[in-house]
Amino acid sequence: MGWLAAGDTYQVALVEGRVVARSASGGKPGRTVPAEIRDRAEVLELQRFGEWLDRHAADCAAQVTTWMVSALPVPTGLLAQVWPDEAWQAALRDIVVVGDGPGEVGLLRGADPADGLRLVNRDGGTVSVAAPTVTMPHPVLLPDLEGLRTFAAGLGVLQGVEQLHRATWRKPAAITERDYVVTEFAEAEYRSWFHLASRATALGYQVSGSSVVARIRDAGRVFTASVAMSDPYTEDKAWTGNLGWYDEDGQRRLPLSDVGPLAWSEGMRMAAALHAGRTTTTDGAE
């Protein structure tokens, strides 16, 4: 973006999301916008535009995360349409994409309406994908996840949306149809119910009644992962309870044996994150 005149003395521009100013004759921009032009229309409009760009980038990243976490099929034509947008490109670049064929797996490096998607495969070669739809699999569904992590690290890849290094959990083989809850992350103590609820919402989860919940799509089914919370009306402090999974409506508790691998991993991720944010440790230190 170029420089805009802000009166006769200064020019302003949006640089890395921040409004900066310099002398009208050029030179190095200062660290702050001079007080005499902070209320000028050019400065205020640039600030609003920068805020919109931040929201747009967050929305793009959130949408790509939804596609990945839910392992949803995404039209290649749609990816080609949004790729020229820098915010979309930042969210999509280097995400692992899987097409129809056995060799159509790699890091996304380009998308074109005519040529389809361009991927870098494990051999370092370029693969073109023209399938109608592709997926951006959740890491728990990726074959040879550790190998892909090593390959990406060798290329110096930093994904805009966390996929390869998203924390994952795999369901133990010993789980039976008689098991209904996970107790591993229960009893995390918070100073108050408000602190626990704030932690949950900051992580992007919902507080519903006396539970923290996340709705997760897994192989065409929708699961509701739920971490119990202590009663805010009877306790000064707050604790997390057991983790369980329910049906789409959150009404019928499911046996752990019925929980899909993606729903299991994301539910465990939620419970672990709530446990990690506890404000009182096991030895009582805060």
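The values are calculated or read from the model by the stated rules, or taken from the named source; none is laboratory data. Just so you know, these numbers come straight off a predicted model, no measurement behind them. Glycine gets a Cβ as well: all are built from the backbone with ideal geometry, and neighbour counts include every protein chain shown. Just the protein is used for accessible areas: all its heavy atoms, side chains included, with ligands, DNA and RNA removed. Shrake-Rupley method; radii C 1.70, N 1.55, O 1.52, S 1.80 Å.
General observations
- Among the residues examined, P261 does not qualify as over 25 Å from the mean Cα position of the chain (by Cα) and not aromatic (F, W, Y).
- Output for the range 112-153, where each listed residue is open to solvent by 10 Å² or more (accessible area, probe 1.4 Å) and either among the hydroxyl-bearing types (S, T, Y) or part of a strand (DSSP E or B) (or both): D112, G116, R118, V120, T126, V127, S128, T133, T135, T150
- Residue ID - surrounded by the most Cβ atoms within 10 Å (Cβ to Cβ), chosen from residues in the range 154-197 that are hydroxyl-bearing (S, T, Y) and out of contact with any Ser or Thr (no Cβ under 9 Å at 6 or more places or on another chain): Y180
- So S210, is it modelled with pLDDT under 95, open to solvent by less than 30 Å² (accessible area, probe 1.4 Å) and of a type outside the set (F, W, Y): no
- The residue that is farthest from the chain's Cα centre (by Cα), among those in the range 68-89 that are closer than 26 Å to A214 by Cα and surrounded by fewer than 16 Cβ atoms within 10 Å (Cβ to Cβ), is P75.
- Total residues in the range 166-191 satisfying the condition of being in contact with a Phe, Trp or Tyr (Cβ under 8 Å, 6 or more places away or on another chain) and charged (D, E, K, R): the figure is 4.
- Taking residues in the range 91-102 that are open to solvent by less than 10 Å² (accessible area, probe 1.4 Å), and partners anywhere that are of a type in the set (S, T, N, Q) and part of a loop (DSSP other than H, G, I, E, B), the pairs with Cβ atoms closer than 8 Å and at least 6 places apart or on different chains are I95/Q159; I95/Q163; V96/Q163.
- Taken as a whole, the structure leaves L148 outside the set of residues that are among the aliphatic types (A, V, I, L, M), more than 30 Å from V15 (Cα to Cα) and in contact with a Ser or Thr (Cβ under 9 Å, 6 or more places away or on another chain).
- Screening the range 154-204 for residues that are among the hydroxyl-bearing types (S, T, Y) and in a loop (DSSP other than H, G, I, E, B) and picking the one that is farthest from L119 (Cα to Cα) gives S192.
- Any chance T65 is part of a helix (DSSP H, G or I) and open to solvent by 30 Å² or more (accessible area, probe 1.4 Å): yes
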